[in-house]
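The values are calculated or read from the model by the stated rules, or taken from the named source; none is laboratory data. Here the structure is a predicted model, which is why all the values come from computation and not from measurement. Because the Cβ atoms are built from the backbone with ideal geometry, glycine has one as well, and the counts that use them run over all protein chains shown. Quick note on the areas: whole protein, heavy atoms, side chains included, nothing else; ligands and nucleic acids left out. Shrake-Rupley method; radii C 1.70, N 1.55, O 1.52, S 1.80 Å.
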Amino acid sequence: MVSVSNWPSVLMLVATWTTHFVNAESVYSLSSNSKWQPIKPSEVARMYNNSFMSDTKFTFGTNKLGEVFYAHKYVLAFSSPLFYEMFYSNNIEKPIKAIHLSNHNNETIAGFFGFIYKNECPTDFEVEVLRLVMKYKIVLFDSACSHTMGIESQKVFKLVENILELKAEAFTEICLGTIDGLADEYFASEYFLNIKQSTLNILLNRNTLYYNETDLFKAVLKWADHQCSKNDVERTRGHRRKVLGNAIYSIRFLLMNQSEFATHVIPTGILDDHETVAIMKAIAGEQVPNLAWDSVKLRSKRLPEILFGEQNKVTVTSKSGISWRYYFAALFFIVFFTKYYLHEQEKQKRQQENLRRQQENQKRQQENQKRLQENQKRQLENLKRQQERDENNWSEVLAYSGALIVGVGAVAGIALSQSGKKRQ
């Protein structure tokens, strides 16, 4: 049993009505054999197909006089915005008393209204229930009931296109996930041969499709030939490419080796000569500009091959479940987070090493700056000493020059004195 977020409001409304009726101390006769009893909030499911207080009804079957389901507008309005607009919109000209659901049987009606009234998911999946859910926008059904559906593989293969058309995301993912793991079985089935080209495109674009690309190409070619037969045309290259449309560009030829491509693709003639040559060059590692198959996605291996490799494929044999996907997803996340953890550890180690180097560089820069300051200080001291020496030398020069002048003057005086004596 799953929880629905609108039930508290429903229960509050029912409780309010119950209190009103109890306080009035009124007894209403429902029939000759029963009397009115208050509905407890925990007993809302009692309103399921109950004519008591029913203010609308649904008829179903092949004609408008078929079987009847008694409904209650307030319950429906709390379960769907579409029902709310239908019953409580201000634009309503005439109250809706009955709605006819054509081509629906008792099981479909029980599954549809069982969720609305009893909060129960259908035990057996039926696409018509989902069709009603999507038509009337029962917003919580998709998320609440998708994981409780036990869908057998053959039923998935049969209904996948109907579910894709309904665009029910959770159910779509269940169907496509089942096909991912049972691809060998699905692509060999008659259901695959009769799918639409749009469905084929969706399948070929899945990265989680568990199938070898060469085998996938063979299956796609078989599908194209079957479509040619249905349309009563020859299996020529032109007709094959026409029914394939853009799906041909979703086949990952670049995942094949040259031997596989030459053995299984070239002889079919599905590709032009220039396409064949270009793909062969790309497989060999050459750069081929503007190649339609040369993209990151089309060069990426599908997820199972990434995890296990082509030589270690896992054999999926389950016919009724998709539990293998949980193990597969768990293994994928273990591998992914292990790689992520190791990457983060290595990244952290590099950051610590870079920080250590930065600290050492800063230390060396500080030491170099200290040495530079010491050198500048020594240069200033040397300059000061040099100035002092220059000043001392200049004083000595002046003293020497003075002494020299005095000496020269004395010598000159003596010479003049002697010269005067000689003249006398």
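Using the structure shown, decide if Tyr326 is open to solvent by 70 Å² or more (accessible area, probe 1.4 Å), at pLDDT below 80, farther than 30 Å from Ile179 by Cα and not in a loop (DSSP other than H, G, I, E, B).
no
So that you can scan it fast, the table gives a plain yes or no per residue for (1) within 27 Å of the chain's Cα centre (by Cα); (2) open to solvent by 60 Å² or more (accessible area, probe 1.4 Å); (3) of a type in the set (Asp, Glu):
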| position | (1), (2), (3) |
| --- | --- |
| Asp142 | yes, no, yes |
| Glu169 | yes, yes, yes |
| Leu200 | yes, no, no |
| Lys218 | no, yes, no |
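Yes/no per residue for (1) buried (at least 19 other Cβ atoms within 10 Å of the Cβ); (2) touching a residue at least 60 places away in the same chain (Cβ under 8 Å):
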position: Lys94; (1), (2): no, no
position: His100; (1), (2): no, no
position: Asn103; (1), (2): no, no
position: Gly111; (1), (2): yes, no
position: Ile116; (1), (2): yes, no
position: Asn119; (1), (2): no, yes
position: Pro122; (1), (2): yes, no
position: Ile138; (1), (2): yes, no
position: Cys145; (1), (2): yes, yes
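Given the structure, is Lys339 modelled with pLDDT of 80 or more, of a type outside the set (A, V, I, L, M, F, W, C) and in a helix (DSSP H, G or I)?
no
Do we find that Leu182 is in contact with a helix residue (DSSP H, G or I) (Cβ under 8 Å, 6 or more places away or on another chain), open to solvent by less than 10 Å² (accessible area, probe 1.4 Å), of a type outside the set (Val, Ile, Thr) and within 30 Å of Leu298 (Cα to Cα) in this structure?
Answer is yes for this residue.
Could you list, ordered by first residue, the pairs with Cβ atoms under 7 Å in which the first is in segment 280-309 and more than 20 Å from His264 (Cα to Cα) and modelled with pLDDT under 90 and the second is open to solvent by less than 90 Å² (accessible area, probe 1.4 Å) and of a type in the set (S, T, N, Q), at least 6 apart or interchain?
Hits for this filter: Ser300/Asn207; Leu303/Asn207; Leu303/Thr208.
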